[in-house]
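The structure under discussion appears below in the form of structure tokens.
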Amino acid sequence: MTRVLSCIQPTGDVHLGNYLGALAPWVAGQHEHDAFHGIVDLHALTVAEEPGVIGARTVQLAAMLFAVGLDADVATVFVQSHVPEHSQLAWVMECNVSFGELSRMVQFKEKSAKREFVSGGLFTYPALQAADILLYDTDEVPVGDDQRQHVEITRDIALRFNHRFGATFVVPRAVTPRAGARVMDLQDPTAKMSKSADTGAGLIQMLDDAEMIRRKFKRAVTDSETDVRYDPETKPGVSNLLEILGAATGHPPADLVAGYTQYGPLKADAGEAVIELLTPIQARYRDLLADRGELTAMLRRGAERAGEVAAATLERAYTAIGFLRS
Ligand code: ATP
Ligand code: LTN
């Protein structure tokens, strides 16, 4: 089976865009390939937070991943810092990538430009990401455009290492993720729904209650015409509602058009469909968080399984390098 690794940083609350666009396809894919899912808390350390915040977000994100349907017995769901081999291999990666290569990373340039304190970790972030990927003999890494350069540099490091020390790492491929829905902001349907949007009113959080969801859909921005058509170019607001309703009910958005002659009922139905979709997820999320012991045990099992693969790969790399092994 193809080994696939996807990782997510515990840096914010999960929203409907993350779910429909990324997590739902992970859930659907877990039976088709050998899926590894890392909650990359070490990477989250590149964002300045108060002590304890990363841990709290990690446990909440883990609960959300299981609540939306990742199955701990099917996929390997683990926390990056629970598997020390990530930090250990990251050093080896750092010593096999050049300052010049790291300097060319677009994400580093963008993020460092916005910060006063630019840590060494922000600069070497791609080396840690390369360790994440290479530790698991990963065949495929599903990533959006912003992460392609990081998979490219991982391939370059793997090829360089293999050339220098002998065949050690599987050289991974970046693949386009299975198409999930692309969810736009309800207040600005030309921008993607995002945790960094200024207005909370256009963003549906996974934990929003029914009243809040109803209100946000009711106020969703559409346009001054009155006809319902699926046309993301000229009718982004209406098309986004159709997209969300379709993703929530399992229909192609264009098929839903016939059922509507006005915007009001479409907004109401999209809101109700999202409520119906999220209510059971929210209940499972609360149950999971209420039983911390079980949640921790699930993550420990994930880390054990991940750790077995990771330890073997690290040992292979250390042996290839020729470190003194006892
Ligand atoms: P940011 O505000 O920094 O853009 P975000 O919460 O919008 O963050 P990320 O954390 O960058 O999103 O992405 C997590 C995953 O969710 C990625 O796989 C990304 O492609 C997906 N994703 C994020 N927003 C959307 C969206 N509006 N529609 C579909 N997929 C999305
Ligand atoms: N940098 C990625 C998160 C990430 C990742 C990974 C993704 C860290 N390690 C390994 C795929 C494989 C991001 O910011 N989305």
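Just a yes or no: is a residue in region 270-285 surrounded by 18 or more Cβ atoms within 10 Å (Cβ to Cβ) and over 16 Å from D208 (Cα atoms)? Looking through region 270-285, none of the residues is surrounded by 18 or more Cβ atoms within 10 Å (Cβ to Cβ) and over 16 Å from D208 (Cα atoms).
Return the residues of region 4-21 that are away from ligand 2 (no atom under 13 Å from the Cβ) and either β-branched (V, I, T) or free of Cβ contacts under 8 Å to residues at least 24 places away in the same chain (or both); say none if nothing qualifies.
Listed by number, the list holds a single entry, V14.
Screening V53, V40, V79 for residues that are open to solvent by 20 Å² or more (accessible area, probe 1.4 Å) and either at pLDDT 95 or above or among the hydroxyl-bearing types (S, T, Y) (or both) leaves exactly one candidate, V53. Applying the condition of being assigned to a loop (DSSP other than H, G, I, E, B) and under 22 Å from L134 (Cα atoms) to region 32-53 and asking which residue is farthest from ligand 2 (Cβ to nearest atom) yields E32.
Yes or no, residue by residue, for (1) within 15 Å of ligand 2 (Cβ to nearest atom); (2) open to solvent by less than 50 Å² (accessible area, probe 1.4 Å); (3) in contact with a helix residue (DSSP H, G or I) (Cβ under 7 Å, 6 or more places away or on another chain):
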{"position": "Q107", "(1), (2), (3)": "yes, yes, yes"}
{"position": "V118", "(1), (2), (3)": "no, no, yes"}
{"position": "F123", "(1), (2), (3)": "yes, yes, yes"}
{"position": "A127", "(1), (2), (3)": "yes, yes, yes"}
{"position": "D137", "(1), (2), (3)": "yes, yes, yes"}
{"position": "P142", "(1), (2), (3)": "yes, yes, no"}
{"position": "Q149", "(1), (2), (3)": "yes, no, yes"}
{"position": "F161", "(1), (2), (3)": "no, yes, no"}
{"position": "F165", "(1), (2), (3)": "no, no, yes"}
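Cβ-Cβ distances below 7 Å connect the following pairs, each with a first residue in region 267-283 that is over 24 Å from V257 (Cβ atoms), a second residue that is open to solvent by 20 Å² or more (accessible area, probe 1.4 Å), and a separation of six or more residues or different chains: Q282/L207. Going through (1) surrounded by 14 or more Cβ atoms within 10 Å (Cβ to Cβ); (2) closer than 27 Å to M1 by Cβ; (3) out of contact with any Asp or Glu (no Cβ under 9 Å at 6 or more places or on another chain); (4) not charged (D, E, K, R) one by one, I153 falls short only on (3).
The values are calculated or read from the model by the stated rules, or taken from the named source; none is laboratory data. The model shown is predicted, which means the values in this text are computed figures rather than measured ones. We place every Cβ from the backbone using ideal geometry, glycine too, and count neighbours over all the protein chains shown. When the accessible area is computed, the model is the full protein with side chains, heavy atoms only, and any ligands, DNA or RNA have been set aside. Shrake-Rupley method; radii C 1.70, N 1.55, O 1.52, S 1.80 Å.
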